[in-house]
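Novice: I have a structure I would like to understand better, so I am pasting it below and will then ask my questions one at a time.
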Amino acid sequence: MIEYIKICRIDHWLKNIFILFGHVVALVLYYELELPPGFMLEALLSLVPACLVASSYYILNEILDAPFDALHPAKKMRGIPAGKVRVPILWAVMAGLLVSGFAMAWVLFDNRLYFVSLALLMLFALLYNIPPIRLKDKAFLDVISESINNPLRLLLGWYAVVPAEVTALPPLSIILAWWFFGALLMTGKRYSEYRFINNDEISGAYRRSFRTYTEQRLIMAMIGYACLFCFCTGIAMAVYQPLNNLVMVFPAIMLALMAYFRHAMKEETARLEPEQLLRNPLIIVTTILTGALSIWLLYAQKHDWFNSIDALHLMEARWEKMHK
(Lines give C-alpha, C1' and ligand atoms only; values in the text may rest on other atoms or scores of the structure.)
Protein backbone atom coordinates (compact mmCIF):
# COMPACT_ATOMS: atom_id res chain seq x y z
CA MET A 1 0.00 0.00 0.00
CA ILE A 2 2.80 2.41 0.87
CA GLU A 3 4.22 2.13 -2.65
CA TYR A 4 0.86 3.15 -4.18
CA ILE A 5 0.70 6.15 -1.86
CA LYS A 6 4.24 7.14 -2.86
CA ILE A 7 3.22 7.16 -6.53
CA CYS A 8 0.39 9.59 -5.68
CA ARG A 9 3.19 11.96 -4.55
CA ILE A 10 1.29 13.48 -1.66
CA ASP A 11 4.46 15.34 -0.72
CA HIS A 12 4.20 17.16 -4.07
CA TRP A 13 0.81 18.59 -3.09
CA LEU A 14 2.88 21.42 -1.66
CA LYS A 15 3.15 22.75 -5.24
CA ASN A 16 -0.53 23.65 -5.02
CA ILE A 17 0.44 26.35 -2.56
CA PHE A 18 0.74 28.44 -5.73
CA ILE A 19 -3.08 28.47 -5.76
CA LEU A 20 -2.84 30.78 -2.73
CA PHE A 21 -1.33 33.41 -5.01
CA GLY A 22 -4.64 33.50 -6.91
CA HIS A 23 -6.45 34.07 -3.61
CA VAL A 24 -4.10 36.94 -2.78
CA VAL A 25 -4.55 38.57 -6.22
CA ALA A 26 -8.33 38.38 -5.81
CA LEU A 27 -8.16 39.76 -2.26
CA VAL A 28 -6.02 42.71 -3.35
CA LEU A 29 -7.48 43.63 -6.74
CA TYR A 30 -11.10 42.44 -6.50
CA TYR A 31 -11.92 42.78 -2.79
CA GLU A 32 -9.48 45.65 -2.11
CA LEU A 33 -8.08 43.91 0.97
CA GLU A 34 -11.51 43.61 2.60
CA LEU A 35 -11.96 39.98 3.60
CA PRO A 36 -15.47 38.81 2.52
CA PRO A 37 -17.48 36.20 4.47
CA GLY A 38 -16.51 32.62 3.64
CA PHE A 39 -13.32 33.65 1.84
CA MET A 40 -10.98 31.57 4.02
CA LEU A 41 -13.14 28.46 3.78
CA GLU A 42 -13.43 28.70 -0.02
CA ALA A 43 -9.69 29.29 -0.27
CA LEU A 44 -8.96 26.21 1.82
CA LEU A 45 -11.46 24.01 -0.05
CA SER A 46 -10.01 25.05 -3.42
CA LEU A 47 -6.85 23.11 -2.61
CA VAL A 48 -8.64 19.76 -2.27
CA PRO A 49 -9.81 19.06 -5.88
CA ALA A 50 -6.50 20.38 -7.19
CA CYS A 51 -4.54 17.97 -4.98
CA LEU A 52 -6.69 14.98 -6.03
CA VAL A 53 -6.34 15.78 -9.74
CA ALA A 54 -2.61 16.43 -9.27
CA SER A 55 -2.17 12.92 -7.81
CA SER A 56 -4.02 11.46 -10.79
CA TYR A 57 -1.59 12.97 -13.27
CA TYR A 58 1.38 12.02 -11.08
CA ILE A 59 0.18 8.42 -11.44
CA LEU A 60 -0.15 8.89 -15.22
CA ASN A 61 3.35 10.34 -15.29
CA GLU A 62 4.78 7.36 -13.38
CA ILE A 63 3.05 4.81 -15.64
CA LEU A 64 4.18 6.43 -18.89
CA ASP A 65 7.68 7.26 -17.65
CA ALA A 66 8.45 3.86 -16.14
CA PRO A 67 10.64 2.67 -19.06
CA PHE A 68 12.66 5.90 -18.89
CA ASP A 69 12.81 6.00 -15.07
CA ALA A 70 14.51 2.59 -15.24
CA LEU A 71 17.50 4.40 -16.84
CA HIS A 72 17.71 7.09 -14.12
CA PRO A 73 20.24 6.52 -11.30
CA ALA A 74 17.68 7.34 -8.58
CA LYS A 75 14.24 6.97 -10.21
CA LYS A 76 14.88 3.33 -11.15
CA MET A 77 13.91 2.50 -7.56
CA ARG A 78 10.39 3.87 -8.01
CA GLY A 79 7.42 1.52 -7.66
CA ILE A 80 6.80 0.59 -11.30
CA PRO A 81 10.37 0.12 -12.65
CA ALA A 82 11.26 -1.72 -9.44
CA GLY A 83 8.21 -4.01 -9.79
CA LYS A 84 6.70 -3.03 -6.42
CA VAL A 85 3.20 -2.17 -7.72
CA ARG A 86 0.62 -3.41 -10.25
CA VAL A 87 -0.18 -1.02 -13.10
CA PRO A 88 -3.91 -2.01 -13.45
CA ILE A 89 -4.47 -0.99 -9.83
CA LEU A 90 -2.78 2.32 -10.52
CA TRP A 91 -5.14 3.00 -13.45
CA ALA A 92 -8.10 2.35 -11.13
CA VAL A 93 -6.71 4.68 -8.44
CA MET A 94 -6.11 7.36 -11.07
CA ALA A 95 -9.71 7.13 -12.31
CA GLY A 96 -11.04 7.37 -8.75
CA LEU A 97 -8.96 10.46 -8.00
CA LEU A 98 -10.07 12.14 -11.23
CA VAL A 99 -13.77 11.49 -10.64
CA SER A 100 -13.54 12.61 -7.01
CA GLY A 101 -11.59 15.78 -7.83
CA PHE A 102 -13.86 16.97 -10.63
CA ALA A 103 -17.03 16.06 -8.71
CA MET A 104 -15.86 18.15 -5.75
CA ALA A 105 -14.94 21.03 -8.06
CA TRP A 106 -18.46 21.02 -9.56
CA VAL A 107 -20.28 20.75 -6.24
CA LEU A 108 -18.19 23.09 -4.09
CA PHE A 109 -17.69 26.08 -6.41
CA ASP A 110 -20.46 28.12 -8.05
CA ASN A 111 -18.04 29.78 -10.43
CA ARG A 112 -17.75 27.14 -13.16
CA LEU A 113 -14.49 28.67 -14.37
CA TYR A 114 -12.85 26.94 -11.41
CA PHE A 115 -13.94 23.63 -12.95
CA VAL A 116 -12.72 24.77 -16.39
CA SER A 117 -9.33 25.77 -14.96
CA LEU A 118 -9.01 22.37 -13.29
CA ALA A 119 -9.86 20.68 -16.61
CA LEU A 120 -7.18 22.74 -18.37
CA LEU A 121 -4.69 21.68 -15.71
CA MET A 122 -5.43 18.04 -16.53
CA LEU A 123 -5.42 18.69 -20.28
CA PHE A 124 -1.90 20.10 -20.19
CA ALA A 125 -0.81 17.16 -18.05
CA LEU A 126 -2.02 14.87 -20.83
CA LEU A 127 -0.28 16.91 -23.54
CA TYR A 128 2.87 16.87 -21.45
CA ASN A 129 2.91 13.10 -20.94
CA ILE A 130 1.07 11.27 -23.71
CA PRO A 131 2.62 10.37 -27.11
CA PRO A 132 2.79 11.42 -29.86
CA ILE A 133 2.66 15.00 -28.58
CA ARG A 134 4.48 14.30 -25.26
CA LEU A 135 5.79 17.84 -24.76
CA LYS A 136 8.15 16.71 -22.01
CA ASP A 137 10.42 15.25 -24.71
CA LYS A 138 10.75 18.57 -26.56
CA ALA A 139 13.49 20.87 -25.33
CA PHE A 140 12.26 24.22 -23.95
CA LEU A 141 8.65 23.36 -24.83
CA ASP A 142 8.77 20.94 -21.91
CA VAL A 143 9.47 23.79 -19.50
CA ILE A 144 6.92 26.14 -21.08
CA SER A 145 4.16 23.50 -21.03
CA GLU A 146 4.93 22.26 -17.51
CA SER A 147 5.19 25.75 -16.04
CA ILE A 148 1.76 26.69 -17.43
CA ASN A 149 0.52 24.89 -14.33
CA ASN A 150 1.52 28.02 -12.43
CA PRO A 151 -0.94 30.44 -14.12
CA LEU A 152 -3.58 27.70 -14.12
CA ARG A 153 -3.17 27.37 -10.35
CA LEU A 154 -3.44 31.16 -10.19
CA LEU A 155 -6.80 30.90 -12.02
CA LEU A 156 -7.96 28.16 -9.63
CA GLY A 157 -7.25 30.43 -6.69
CA TRP A 158 -8.90 33.43 -8.38
CA TYR A 159 -12.12 31.71 -9.49
CA ALA A 160 -12.47 29.83 -6.19
CA VAL A 161 -13.05 33.07 -4.26
CA VAL A 162 -14.60 35.56 -6.71
CA PRO A 163 -18.40 35.53 -7.25
CA ALA A 164 -19.95 33.13 -9.76
CA GLU A 165 -20.80 35.92 -12.20
CA VAL A 166 -17.16 37.02 -12.51
CA THR A 167 -15.66 35.75 -15.77
CA ALA A 168 -12.81 38.24 -16.05
CA LEU A 169 -9.24 37.00 -15.87
CA PRO A 170 -6.68 38.40 -13.46
CA PRO A 171 -4.36 40.99 -15.08
CA LEU A 172 -2.37 39.54 -17.99
CA SER A 173 0.91 40.94 -16.64
CA ILE A 174 0.39 38.96 -13.40
CA ILE A 175 -0.54 35.78 -15.29
CA LEU A 176 2.59 36.05 -17.44
CA ALA A 177 4.81 36.90 -14.46
CA TRP A 178 3.57 33.79 -12.65
CA TRP A 179 4.12 31.69 -15.81
CA PHE A 180 7.70 32.94 -16.23
CA PHE A 181 8.38 32.38 -12.53
CA GLY A 182 7.26 28.77 -12.97
CA ALA A 183 9.45 28.45 -16.07
CA LEU A 184 12.43 29.69 -14.05
CA LEU A 185 11.82 27.04 -11.38
CA MET A 186 11.28 24.27 -13.95
CA THR A 187 14.44 25.21 -15.86
CA GLY A 188 16.37 25.18 -12.59
CA LYS A 189 15.01 21.69 -12.00
CA ARG A 190 16.20 20.61 -15.48
CA TYR A 191 19.60 22.14 -14.83
CA SER A 192 19.92 20.33 -11.51
CA GLU A 193 18.74 17.03 -13.02
CA TYR A 194 21.11 17.36 -16.00
CA ARG A 195 24.05 17.81 -13.64
CA PHE A 196 22.78 15.08 -11.30
CA ILE A 197 22.86 12.45 -14.09
CA ASN A 198 26.16 13.85 -15.44
CA ASN A 199 26.20 11.55 -18.46
CA ASP A 200 25.00 12.70 -21.89
CA GLU A 201 24.23 9.20 -23.13
CA ILE A 202 22.17 8.24 -20.06
CA SER A 203 20.42 11.62 -19.80
CA GLY A 204 19.51 11.54 -23.51
CA ALA A 205 18.03 8.06 -23.16
CA TYR A 206 16.17 9.06 -19.99
CA ARG A 207 14.67 12.22 -21.49
CA ARG A 208 14.90 13.22 -25.16
CA SER A 209 14.98 16.94 -24.37
CA PHE A 210 18.35 16.39 -22.67
CA ARG A 211 19.80 15.59 -26.10
CA THR A 212 19.36 19.30 -26.88
CA TYR A 213 20.06 20.81 -23.48
CA THR A 214 23.50 21.84 -22.30
CA GLU A 215 24.46 23.54 -19.04
CA GLN A 216 25.05 26.81 -20.91
CA ARG A 217 21.65 26.72 -22.65
CA LEU A 218 19.85 25.97 -19.40
CA ILE A 219 21.64 28.81 -17.58
CA MET A 220 20.77 31.22 -20.41
CA ALA A 221 17.14 30.09 -20.25
CA MET A 222 17.03 30.66 -16.46
CA ILE A 223 18.41 34.18 -16.89
CA GLY A 224 15.85 34.88 -19.62
CA TYR A 225 12.90 33.67 -17.54
CA ALA A 226 14.12 35.63 -14.51
CA CYS A 227 14.26 38.82 -16.62
CA LEU A 228 10.79 38.21 -18.09
CA PHE A 229 9.39 37.54 -14.60
CA CYS A 230 10.82 40.84 -13.31
CA PHE A 231 9.63 42.72 -16.43
CA CYS A 232 6.01 41.52 -16.15
CA THR A 233 6.02 41.98 -12.37
CA GLY A 234 7.22 45.56 -12.82
CA ILE A 235 4.43 46.28 -15.31
CA ALA A 236 1.80 44.98 -12.89
CA MET A 237 3.22 47.08 -10.05
CA ALA A 238 3.28 50.22 -12.18
CA VAL A 239 -0.12 49.85 -13.88
CA TYR A 240 -2.35 48.73 -11.00
CA GLN A 241 -2.60 51.39 -8.30
CA PRO A 242 -3.13 48.99 -5.34
CA LEU A 243 0.18 47.34 -6.26
CA ASN A 244 2.27 50.52 -6.60
CA ASN A 245 3.94 50.09 -3.21
CA LEU A 246 5.33 46.72 -4.27
CA VAL A 247 8.06 48.44 -6.29
CA MET A 248 9.81 48.70 -2.92
CA VAL A 249 9.94 44.90 -2.62
CA PHE A 250 12.13 44.48 -5.71
CA PRO A 251 15.40 44.36 -3.70
CA ALA A 252 13.98 41.39 -1.75
CA ILE A 253 12.86 39.73 -5.00
CA MET A 254 16.34 40.13 -6.47
CA LEU A 255 17.88 38.74 -3.26
CA ALA A 256 15.63 35.67 -3.50
CA LEU A 257 16.52 35.17 -7.18
CA MET A 258 20.24 35.49 -6.48
CA ALA A 259 19.94 32.96 -3.66
CA TYR A 260 18.21 30.58 -6.07
CA PHE A 261 20.88 30.97 -8.77
CA ARG A 262 23.70 30.69 -6.24
CA HIS A 263 22.39 27.44 -4.85
CA ALA A 264 21.48 25.97 -8.26
CA MET A 265 25.03 26.47 -9.52
CA LYS A 266 26.94 25.15 -6.53
CA GLU A 267 29.11 22.13 -7.28
CA GLU A 268 27.51 20.05 -4.51
CA THR A 269 24.01 20.81 -5.84
CA ALA A 270 24.78 18.60 -8.83
CA ARG A 271 24.67 15.63 -6.47
CA LEU A 272 21.18 16.49 -5.20
CA GLU A 273 17.82 15.42 -6.55
CA PRO A 274 16.12 18.36 -8.39
CA GLU A 275 13.29 18.55 -5.83
CA GLN A 276 15.86 19.43 -3.15
CA LEU A 277 16.80 22.62 -4.97
CA LEU A 278 14.15 24.71 -3.19
CA ARG A 279 14.97 23.38 0.30
CA ASN A 280 17.96 25.65 0.72
CA PRO A 281 17.55 27.73 3.93
CA LEU A 282 18.64 30.98 2.25
CA ILE A 283 16.04 30.54 -0.51
CA ILE A 284 13.35 29.83 2.09
CA VAL A 285 14.30 32.83 4.24
CA THR A 286 14.47 35.29 1.32
CA THR A 287 11.15 34.02 -0.03
CA ILE A 288 9.47 34.47 3.37
CA LEU A 289 11.04 37.94 3.66
CA THR A 290 9.70 38.89 0.22
CA GLY A 291 6.20 37.67 1.12
CA ALA A 292 6.11 39.43 4.51
CA LEU A 293 7.38 42.71 3.05
CA SER A 294 4.82 42.51 0.24
CA ILE A 295 1.95 42.04 2.70
CA TRP A 296 3.07 45.00 4.80
CA LEU A 297 3.46 47.26 1.74
CA LEU A 298 0.00 46.34 0.42
CA TYR A 299 -1.68 47.21 3.73
CA ALA A 300 0.54 50.29 4.15
CA GLN A 301 -0.75 51.66 0.85
CA LYS A 302 -4.38 50.88 1.65
CA HIS A 303 -4.23 52.60 5.06
CA ASP A 304 -1.95 55.49 3.90
CA TRP A 305 0.89 54.49 6.20
CA PHE A 306 3.36 54.69 3.33
CA ASN A 307 3.06 55.50 -0.36
CA SER A 308 5.97 54.69 -2.66
CA ILE A 309 4.87 57.16 -5.36
CA ASP A 310 4.77 60.03 -2.88
CA ALA A 311 8.14 58.95 -1.51
CA LEU A 312 9.67 58.92 -5.00
CA HIS A 313 8.20 62.35 -5.80
CA LEU A 314 9.65 63.71 -2.56
CA MET A 315 13.07 62.28 -3.40
CA GLU A 316 12.92 63.84 -6.89
CA ALA A 317 11.93 67.21 -5.45
CA ARG A 318 14.81 67.15 -2.97
CA TRP A 319 17.25 66.09 -5.72
CA GLU A 320 16.13 68.99 -7.94
CA LYS A 321 16.41 71.42 -5.03
CA MET A 322 19.97 70.25 -4.28
CA HIS A 323 21.06 70.80 -7.88
CA LYS A 324 19.53 74.20 -8.52
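The values are calculated or read from the model by the stated rules, or taken from the named source; none is laboratory data. In this text the structure is predicted, and so the values were computed from the model without any measurement. Here Cβ is always computed from backbone atoms with ideal geometry, including for glycine, and neighbour counts include all displayed protein chains.
Novice: Does region 66-82 include one or more residues that are of a type in the set (D, E, K, R), part of a loop (DSSP other than H, G, I, E, B) and touching a residue at least 60 places away in the same chain (Cβ under 8 Å)?
Specialist: Yes, there is a match, as at least one residue in region 66-82 is of a type in the set (D, E, K, R), part of a loop (DSSP other than H, G, I, E, B) and touching a residue at least 60 places away in the same chain (Cβ under 8 Å).
Novice: Considering only residues that are over 10 Å from PRO151 (Cβ atoms) and surrounded by fewer than 22 Cβ atoms within 10 Å (Cβ to Cβ), which ones fall in region 173-184?
Specialist: Residues of region 173-184 over 10 Å from PRO151 (Cβ atoms): 173, 183-184.
Within region 173-184, just SER173 meets the criteria.
Novice: Just give me the residues in region 288-305 being part of a loop (DSSP other than H, G, I, E, B) and either at positive phi or surrounded by 15 or more Cβ atoms within 10 Å (Cβ to Cβ) (or both), in sequence order. Spell out how you get there, then give the answer.
Specialist: Pass one, region 288-305, residues part of a loop (DSSP other than H, G, I, E, B): 303-305.
Listed by number, the list holds a single entry, ASP304.
Novice: Further, regarding this structure: From the list LEU27, LEU64, LEU14, which one is modelled with pLDDT of 90 or more and aliphatic (A, V, I, L, M)?
Specialist: Unique residue meeting the criteria: LEU27.
Novice: Based on what the data block shows, is ALA105 in a helix (DSSP H, G or I) and at pLDDT 95 or above?
Specialist: Considered against the rule, which asks whether it is in a helix (DSSP H, G or I) and at pLDDT 95 or above, ALA105 comes out as yes.
Novice: Would it be correct to say that GLU215 is at pLDDT 85 or above, acidic (Asp, Glu) and farther than 21 Å from SER308 by Cα?
Specialist: Criteria met by GLU215.
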